[in-house]
Amino acid sequence: MEMPNNTLSKIVQPFSPEEITAFRKDTEGCANIIHLNNAGASLMPDPVTQSILDHIKLEASIGGYEASALQQAAISDFYVQAARLFNARPGNIAFTASATDAYTRALSSIPFKAGDIILTSNDDFISNQIQFLSCQKRFGIRIERIRNAPEDGVDLDDLEHKLKTLHPRLLAITHIPTNSGLVQPVQAIGAIAARYDTLYLLDACQSVGQMKLDVQALHCDFLSVTNRKFLRGPRGTGMLYISDKALQVGLEPLFIDMRGAEWIEKDVYKQRPDAMRFEDWEFAYALVLGTKTAIEYFLQVGEDRVWQRVQELSSRLRTQLTGINKVRVLDRGPELGGLVTFTIAGGDPVQLTQALLKRKINVVPSYRKFAVIDFDEKKVDWALRASPHYFNTNDELDQFIIAMKEII
């Protein structure tokens, strides 16, 4: 029997109280607020913040070009650390401005023709779905969706049937949707997709920093992530993994620039052989270095230990919320991650969020327009999303639950 995606095959040592205290000491914001919006933007550890500030000060003192030249070894090490994070080669990694930026670069590299099919799920990210609709309008492609299994998440039998019969140009899956705690069975999806001649684009913006992501096990051609969420990196940053297969067939972003290609004749350019062909020439190098530090910090803390802690906290939170009158927890699926979504009968999401903010508790509302298919199936117009991370404490969750009861 196949094990569920990301099931830990070994005993994972939980964090000690002393370790959690140390993580919180490393995180300035923990002294000010209860941060349960890590699926939006987490609190950066102090070493990440410091690495960004150090480079900005260096730019101010000697000049931007000169600062990046001086820090070239550390900047190059970003690709090494990102490769460690994804079990890839440095040449498979591109730095981008966000997960959406990474995603659109990958999507734009696929030479769609009229009649081509994008096969996706019912729980894909809003921006991805809008981009598919834009491709439909511009190129005449078709969008097909895999049905959900009874327990929620992609129905693997229907996935295989549609890959076999529809021959889609692209399979596009979101690992964890922004509006739900659902974790898609991406290892099983990748194993099936690998048997077919279909490009596979995996959006992992909510899973990076929660759990281990091994592109060799995922069998994806593209993996897009953001760095500001559970990875605890800076805003305005993302990463894109591009497989050797995608590079070798010559895929490149629609608007490739001077970093990604060399202009060799009047009407001829030559693309770079590696993933840098998906990058732009201009970078915020302070943010590259901040991302490198965030990756190193996460790997040092421990991927499996983080994932275990996130699952424990989010499960505890769902149980506590279920016991509150008028609250309906919305998450469902065979495996759930760190996004806890719920709605309150007769409540107003803006007023609820503001009432929590006055108590120095950060959560965020989510609306039907962010997840039309999912929210229509659940018959809700909005939800609140609380997303704990490994540095949060049981006491903070208890304070959140007390606040919710008082507000309701």
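Tell me which of these TRP382 doesn't satisfy, since it passes every other one: (1) in contact with an Asp or Glu (Cβ under 8 Å, 6 or more places away or on another chain); (2) open to solvent by 10 Å² or more (accessible area, probe 1.4 Å); (3) among the aromatic types (Phe, Trp, Tyr).
(1)
Between a first residue in the stretch 261-284 that is of a type in the set (S, T, N, Q) and a second residue that is assigned to a strand (DSSP E or B) and open to solvent by less than 100 Å² (accessible area, probe 1.4 Å), which pairs have beta carbons less than 6 Å apart while being 6 or more apart in sequence or on different chains?
Matching pairs, first to second residue: GLN271/ALA261.
For GLY333, all conditions in the list (1) open to solvent by less than 30 Å² (accessible area, probe 1.4 Å); (2) not in a loop (DSSP other than H, G, I, E, B) hold save one; what is the number of the exception?
If we test GLY333 against (1) open to solvent by less than 30 Å² (accessible area, probe 1.4 Å); (2) not in a loop (DSSP other than H, G, I, E, B), just (2) comes out false.
Taking the stated definitions as given, is ASP46 of a type in the set (Asp, Glu) and within 25 Å of ILE242 (Cβ to Cβ)?
Values: of a type in the set (Asp, Glu): yes; within 25 Å of ILE242 (Cβ to Cβ): no.
Considered against the rule, which asks whether it is of a type in the set (Asp, Glu) and within 25 Å of ILE242 (Cβ to Cβ), ASP46 comes out as no.
Does the stretch 139-160 hold any residues that are open to solvent by 50 Å² or more (accessible area, probe 1.4 Å) and more than 26 Å from THR100 (Cβ to Cβ), and which are they?
Within the stretch 139-160, ARG147, PRO150, GLU151, LEU156, ASP157 meet the criteria.
If you scan the stretch 244-253, which residues turn out to be assigned to a loop (DSSP other than H, G, I, E, B) and either open to solvent by less than 10 Å² (accessible area, probe 1.4 Å) or more than 25 Å from ARG272 (Cα to Cα) (or both)?
Result: PRO253, single match.
For ILE118, all conditions in the list (1) in contact with a Leu (Cβ under 8 Å, 6 or more places away or on another chain); (2) at pLDDT 95 or above; (3) part of a helix (DSSP H, G or I); (4) more than 30 Å from LYS25 (Cβ to Cβ) hold save one; what is the number of the exception?
(3)
Scanning for something among the charged types (D, E, K, R) and either modelled with pLDDT under 95 or within 18 Å of the chain's Cα centre (by Cα) (or both), does the stretch 236-246 turn up at least one residue? Spell out the reasoning first.
Step one: of the stretch 236-246, the residues among the charged types (D, E, K, R) are 244-245.
Now drop any that are not either modelled with pLDDT under 95 or within 18 Å of the chain's Cα centre (by Cα) (or both), which leaves none.
For the stretch 236-246, residues among the charged types (D, E, K, R) and either modelled with pLDDT under 95 or within 18 Å of the chain's Cα centre (by Cα) (or both): absent.
Among the residues of the stretch 186-196, count how many are surrounded by fewer than 24 Cβ atoms within 10 Å (Cβ to Cβ) and either of a type in the set (Asp, Glu) or in contact (Cβ under 8 Å) with a residue 40 or more places away in the chain (or both).
The qualifying residues number 2.
Within the stretch 222-242, track down each residue that is in a loop (DSSP other than H, G, I, E, B), open to solvent by less than 10 Å² (accessible area, probe 1.4 Å) and on the phi < 0 side of the Ramachandran plot.
Looking only at the stretch 222-242, we keep the residues that are in a loop (DSSP other than H, G, I, E, B), and these are 227-237.
So of that shortlist, the ones also open to solvent by less than 10 Å² (accessible area, probe 1.4 Å) come out as 227, 230-234, 237.
Scanning the stretch 222-242 gives ASN227, PHE230, LEU231, GLY233, PRO234, THR237.
Please tell me if LEU163 is crowded, with 18+ Cβ neighbours inside 10 Å, under 17 Å from LEU202 (Cβ atoms) and modelled with pLDDT of 95 or more.
The answer is yes for LEU163.
Determine the pairs where a residue that is under 16 Å from PHE370 (Cβ atoms) and small (Gly, Ala, Ser), located within the stretch 107-129, has a partner that is at pLDDT 90 or above and not in a loop (DSSP other than H, G, I, E, B) with Cβ atoms under 6 Å apart, the partner being 6 or more residues away or on another chain.
So the pair list comes out as SER121/VAL154; SER121/ILE173; SER127/THR100.
Just a yes or no: is a residue in the stretch 197-209 in contact with a Pro (Cβ under 6 Å, 6 or more places away or on another chain) and either surrounded by fewer than 24 Cβ atoms within 10 Å (Cβ to Cβ) or under 30 Å from ALA386 (Cβ atoms) (or both)? Show your work before the answer.
Of the residues in the stretch 197-209, the ones in contact with a Pro (Cβ under 6 Å, 6 or more places away or on another chain) are 198.
Still in the list and also either surrounded by fewer than 24 Cβ atoms within 10 Å (Cβ to Cβ) or under 30 Å from ALA386 (Cβ atoms) (or both): 198.
Yes: the stretch 197-209 contains one or more residues that are in contact with a Pro (Cβ under 6 Å, 6 or more places away or on another chain) and either surrounded by fewer than 24 Cβ atoms within 10 Å (Cβ to Cβ) or under 30 Å from ALA386 (Cβ atoms) (or both).
The values are calculated or read from the model by the stated rules, or taken from the named source; none is laboratory data. Just so it is clear, the model here is predicted, and its values are computed rather than measured. Using ideal geometry, Cβ is built from the backbone for each residue, glycine included, and neighbour counts are taken over all protein chains shown. With ligands, DNA and RNA removed, areas are computed over all heavy atoms of the protein, side chains included. Shrake-Rupley method; radii C 1.70, N 1.55, O 1.52, S 1.80 Å.
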